[in-house]
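This report concerns only the one structure given below.
Please treat every number below as a calculation from the coordinates, not as lab data. Not measured: the values here are computed from a predicted model. Glycine also receives a Cβ, built like all others from the backbone with ideal geometry; neighbour counts cover every protein chain displayed.
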Amino acid sequence: MKIAFTGTHCTGKTTLLKDIEEILADKLKIHSVTEVARKIIEKGYPLNMDATVESYIHYINDQLNEENKLMQECDIFISDRTLLDPVAYAMVNSKLPRPYISEYFIEMMKNIWLLEKDRYDLYVYFPIEFALQYDGVRPEDEKYRRDIDALILSLLEQFQINYIKISGDRSERKKQLCDVIEKYKVSKK
């Protein structure tokens, strides 16, 4: 099973991924891609409101390389983000006074995501349910976060992506995702 997490920043994607890895590690072979965006920032490329074309190129390249490397030969593959997320960020950013990113480039990013989406059996959408926590990386702008959230949900709907919404506290989210994984395993037998 290949699962793509999606949602704006500070919605619990990486936390749930780590929880699921702990729960299922002794039962299933799990591979995951996590924190690609943070690794891009650590390399010195700006993301969030200050992202550039070069930043997005590195993001796309690193995300796809990690997927190619880790997606094979496992029972469950989970990515805590996919290319849908930077597409949404770029689309929101295009309306801000910031470094210019052309509509052509954003359209190219969207087309790459539409190819990538077919790698996944299921998208898991994380709505905003937790307070924004500033960590020196995530933007503090709540309107920005809500705009990205709305755009991610709109793109999931527009392109008829197979997705579920995970909500609730940490334990409720773990249970919901474990139930989905169990149902998938049963359906594949």
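In this rough spin-label picture, where each label sits 7 Å from Cα along the Cβ direction, the residue 65-residue 131 distance is 3.9 nm.
Within the range 1-41, what residues put their amide N at less than 16 Å from the label point 7 Å along the Cα-to-Cβ vector of residue 170? Answer for this model: 10-24.
Of the residues 91, 1, 71, the one with the fewest other Cβ atoms within 10 Å heads the list, and the complete ranking is 71, 1, 91.
Label-to-label distance for residue 119 and residue 104 is 2.7 nm, based on points extended 7 Å past Cα in the beta-carbon direction. Against the chain, whose longest principal axis is taken from its Cα atoms, helix 84-93 shows a tilt of about 20°. Taking chymotrypsin sites (Phe, Trp or Tyr not before Pro) across the range 97-189, the ones in a DSSP loop with at most 13 further Cβ atoms lying within 10 angstrom of their Cβ are 100, 130, 134, 159.
Past the 20 angstrom mark, what percentage of all C-alpha to C-alpha distances in the range 78-179 do you count?
Numbers: 2326 of 5151 pairs.
More than 20 Å apart: 45 percent of the Cα pairs in the range 78-179.
Distance between the 7 Å Cα→Cβ label points at residue 162 and residue 53: 3.6 nm. Give me the distance between the Cα centres of the range 47-67 and the range 87-126, rounded to whole Å. Using only Cα atoms to place each centre, the spacing works out to 11 Å. Panel order for 55, 102, by other beta carbons found within 10 Å of each beta carbon, from fewest to most: 102, 55. Taking only Cα atoms, what is the 0 to 90° angle, nearest 10, from helix 103-116's long axis to the longest principal axis of the chain? Helix 103-116 sits at roughly 10 degrees to that axis.
With respect to the chain, whose longest principal axis is taken over its alpha-carbon atoms, helix 170-187 is tilted by about 60°. Mean sequence separation of contacting Cα pairs (under 8 Å, at least six apart), scaled by the length of the range 42-189, corresponds to a relative contact order of 22 percent. Size descriptor for the range 1-80, Kirkwood hydrodynamic radius: 13.5 Å (Cα pairs only, one decimal).
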